[in-house]
Amino acid sequence: MHNQLFIDGRFVDALDGDTLDVVNPHDGSLITRVTAGAQLDIDRAVAAARRAFPAWSRLAAGERGRLLARLADAIEADTGLAELESADTGHPIRDARGLDVPRTAACFRYFAGMADKIEGTVVPVEPGFLNYVQRTPVGVVGQIVPWNFPLMFTGWKLGPALAAGNTVVLKPSELTPLSALRVAALAADVGFPPGVINVVPGFGNVAGQRLANHPDVDKIAFTGSTATGRRIVEASRGNLKRIQLELGGKGANIVFADADLDTAVAGAAWASFHNQGQACIAGSRLLLHEDIADAFLERFVALAQSIRVGDPADPATEMGPLTSAAHRDRVLESVEMAQAQGGTVLAGGKAPADPGLRQGFYVEPTVVAARPQDRIAQEEVFGPVVTVLRFASDEQALAIANATQYGLGNGLWTRDLARAHRLARDIRGGMCWVNCYKRVHPGSPFGGVGESGYGRDMGFEAMHGYTESRSVWINVDAGIAPHFAR
Ligand code: NAD
């Protein structure tokens, strides 16, 4: 386990010696203390990234791809990585092994292949000129990520940035820094040059803030809450750095009367409770057509109550603890607040009774019936809490779905093809899933609109987001007449 900052190819202590506690959410025990970087540590990481930039950006793109592919292999071959991620975050081990690790490797591999696929264009301008447009790396990129998928976010963020020829300073969440440090160590093992990847754990208002306002950082790619996204935009004003924001969400998962109910019930449980509901794209508002609402809820509540909540290290566990005690408290408070506003708890709403889980940060899968205007239906809870709302028509469903500040991922369950396409067009968000939910792939753009942010992770769009265009004009034989002829 690595517990220092990774700067310029080496693990080092913070200059001021500060540390942060990394806690196991299953029982609140201390896993380790990790060095917390502060302003001067960010400064030296940025300086290392700047020094590494010229050579890295001029390396043959295929060579950058080769290193990324080797990193993907190393992540897959690392036998302890899933256990580390599970202990740090509370992800059930079956998810850490079956989703987090393979998805991270797949993402690095995808961008390994893309490194030498970003081609320029030739623009048909006036005869006698050759005008070509190249994609060039942005420079030194700061990446600030949250605690809900810390390993996967290394792939989403580092993959395209490095493939495009940028150098990076990544700041993981203060709650979950371990897997990013492990990826940094694996990257050094497979041959990434010093300074290309720097990982500096630290507190948001110290290390994160410094990265965001650093005058020599060219871009910040941020994933986190909408409130912090605003602070990053403010902090970036000094040098007008580029910003990419992947922020909060309040996904509408809409079940129409013609849906296959069994599939929709299973899909809605995945949308609400996978990763303990700690997902920006969670289907946290479940909209049910009034004709099927009661039948749907009977099955859905029974399924929620049957989910095996327990020790993430147990391969039989389907839902683990939330990642921090403070967050568990916030989630339970939001359920209380929903009840105070007249909402009804149909399942869960409390910590599990099992005495073996009492020291951990557990919350039962929770289903709350409420009204669209209630806070529980408007604000992101980011936990295993799904709010049930009812509708009578397509128009009403769309109006409810679009009536939040967010616009990220939404789901539709229907057999009516025209309705699916119509609503996929009209529903506000960056992603829409039909008869499935929360599908992600490294090739498919991921991001939001409105207060869910701007810019995209994954796919060609992510690569473009880590490049600038440069237009070059060559006078081949244009014979330009002098503008001020004498
Ligand atoms: P957060 O905004 O509190 O923290 C995210 C990161 O920002 C952390 O690394 C934190 O240290 C850092 N940070 C905090 N204050 C900062 C500051 N002033 N300057 C710079 N950096 C700062 O979010 P969180 O609680 O860690 O994560 C949950 C949020 O992330 C939810 O809102 C969720 O929707 C969002 N999220 C969005 C996506 C997406 O792709 N849209 C994906 C996952 C999570």
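Assorted remarks:
- Within segment 222-264, being of a type in the set (Asp, Glu) and either touching a residue at least 24 places away in the same chain (Cβ under 8 Å) or assigned to a loop (DSSP other than H, G, I, E, B) (or both) holds for GLU246, ASP258, ASP260, ASP262.
- Residue in segment 53-67 that is buried (at least 21 other Cβ atoms within 10 Å of the Cβ), under 19 Å from the mean Cα position of the chain (by Cα) and among the aliphatic types (A, V, I, L, M) present: no
- Segment 131-189, residues that are among the charged types (D, E, K, R) and touching a Phe, Trp or Tyr at 6+ places or on another chain (Cβ under 8 Å): GLU174
- Identification of strands (runs of 3 or more DSSP E) wholly contained in segment 107-180 with 1 or more residues that are within 13 Å of the ligand (Cβ to nearest atom) and under 30 Å from SER29 (Cβ atoms) yields 140-144, 167-171.
- Among (1) within 23 Å of VAL23 (Cα to Cα); (2) more than 7 Å from the ligand (Cβ to nearest atom), the one test that SER236 misses: (1)
- The residues of segment 347-404 that are in contact with a helix residue (DSSP H, G or I) (Cβ under 6 Å, 6 or more places away or on another chain), part of a loop (DSSP other than H, G, I, E, B) and closer than 17 Å to LEU287 by Cα, listed by number, are ALA370, PRO372, VAL381, PRO384, THR404.
- When each of THR167, THR154 is tested for being crowded, with 20+ Cβ neighbours inside 10 Å and farther than 20 Å from VAL22 by Cβ, the lone residue that passes is THR167.
- Hey, HIS2 under 18 Å from LYS171 (Cβ atoms) and outside any helix (DSSP H, G or I) or not: yes
- Residue in segment 461-475 that is away from the ligand (no atom under 16 Å from the Cβ) and assigned to a helix (DSSP H, G or I) present: yes
- Within segment 207-246, the residues that satisfy the criterion of being of a type in the set (Asp, Glu) and more than 13 Å from ILE144 (Cα to Cα) are ASP216, ASP218, GLU234.
- Scanning segment 1-24 for residues that are buried (at least 22 other Cβ atoms within 10 Å of the Cβ) and closer than 28 Å to GLY113 by Cβ turns up at least one hit.
Residue-wise test of (1) out of contact with any Phe, Trp or Tyr (no Cβ under 9 Å at 6 or more places or on another chain); (2) of a type outside the set (Lys, Arg).
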{"residue": "GLN4", "(1), (2)": "no, yes"}
{"residue": "ASP41", "(1), (2)": "yes, yes"}
{"residue": "ALA45", "(1), (2)": "no, yes"}
{"residue": "ALA52", "(1), (2)": "yes, yes"}
{"residue": "ALA60", "(1), (2)": "yes, yes"}
{"residue": "ARG66", "(1), (2)": "yes, no"}
{"residue": "GLU76", "(1), (2)": "yes, yes"}
{"residue": "ARG109", "(1), (2)": "yes, no"}
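- Candidates PRO321, PRO312, PRO352: the one that is touching an Asp or Glu at 6+ places or on another chain (Cβ under 7 Å) and buried (at least 17 other Cβ atoms within 10 Å of the Cβ) is PRO352.
- Which numbered condition THR79 misses (of (1) touching a residue at least 12 places away in the same chain (Cβ under 8 Å); (2) out of contact with any helix residue (DSSP H, G or I) (no Cβ under 6 Å at 6 or more places or on another chain); (3) among the hydroxyl-bearing types (Ser, Thr, Tyr)): (1)
- Within segment 267-290, the set of residues being surrounded by fewer than 24 Cβ atoms within 10 Å (Cβ to Cβ), away from the ligand (no atom under 12 Å from the Cβ) and more than 14 Å from PRO365 (Cα to Cα) comprises GLY267, HIS289, GLU290.
- The number of residues in segment 417-426 being surrounded by fewer than 20 Cβ atoms within 10 Å (Cβ to Cβ) and either farther than 30 Å from ALA257 by Cβ or not charged (D, E, K, R) (or both) comes to 5.
No value in this document is a laboratory result; all are computed from the given coordinates. Nothing here was measured: the structure is a model prediction, and the numbers come from that model. A quick note on method: Cβ atoms are made from the backbone with ideal geometry, for glycine too, and the neighbour counts reach across all protein chains shown.
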